[in-house]
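What follows is one structure encoded as structure tokens, with my remarks underneath.
Every read-out reported here was derived from the displayed coordinates using simple, explicitly stated rules and does not represent laboratory data. Bear in mind that the values here come from a model prediction, so they are computed numbers and not experimental data. No Cβ is skipped: glycine too gets one built from the backbone with ideal geometry, and neighbour counts run over all protein chains shown.
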Amino acid sequence: MSIWICSLAAAPQMARQVRPSRIVSLLSPYDTFPTFDGMGPDLHLTVPIHDIVDDIGDWRAPDLSDAQSVISFVEGWDRAAPMLIHCWAGISRSTASAFITACVHNPGADEEEIATAIRAASSTASPNRRLVAHADALLGRGGRMVRAVETIGRGDVTMEAETFLIPSTYGA
């Protein structure tokens, strides 16, 4: 099954179109999180974090507990229906979470293969390095997730990414 990545603006339409079994929303703590029909807190994770790699004043970068929340939530995904992950622009927090999701569900897969699939699907993907680093530590990946994201580099600069998808299975 697929992992769909999109912006906040595209999320309602994508939820109707792909009928995901789970949704992850990553927005600023000051933003209003969307609601989705039939998706209570057991099926819709909201993560209030800024898209930064270091705390700046009252702006909060992803911390270990945010990565743990994403990991715990996506571990319960049975892959019978798609997963939908969105952030404000569909570029950084959402692509990091999609990468984490694929790593959780493919513990023996090469992290660079997953990161390369993200880059192939989106020229704008720029996974949030801090969120990835925390997940790397929690999943015991020994820095391989961080190195994989560094290998694909930052994506093309844009205000909002095109919606894209990646597979949920790698190395099979």
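Hey, quick one: spin label on ILE52, modelled 7 Å out along Cα-Cβ, who in the range 84-100 has an amide N within reach, i.e. under 18 Å? Counting only backbone N, you get 88-89, 92-94.
Only helices enter the 222 nm calculation for the chain: every DSSP H run of n ≥ 4 contributes -39,500 (n - 2.57), and dividing by all residues gives -11000 deg cm²/dmol, rounded to 500. Computing Cα extents along the principal axes in Å for the structure here picks out one of (1) 76, 35, 23; (2) 43, 38, 29; (3) 100, 33, 25, namely (2).
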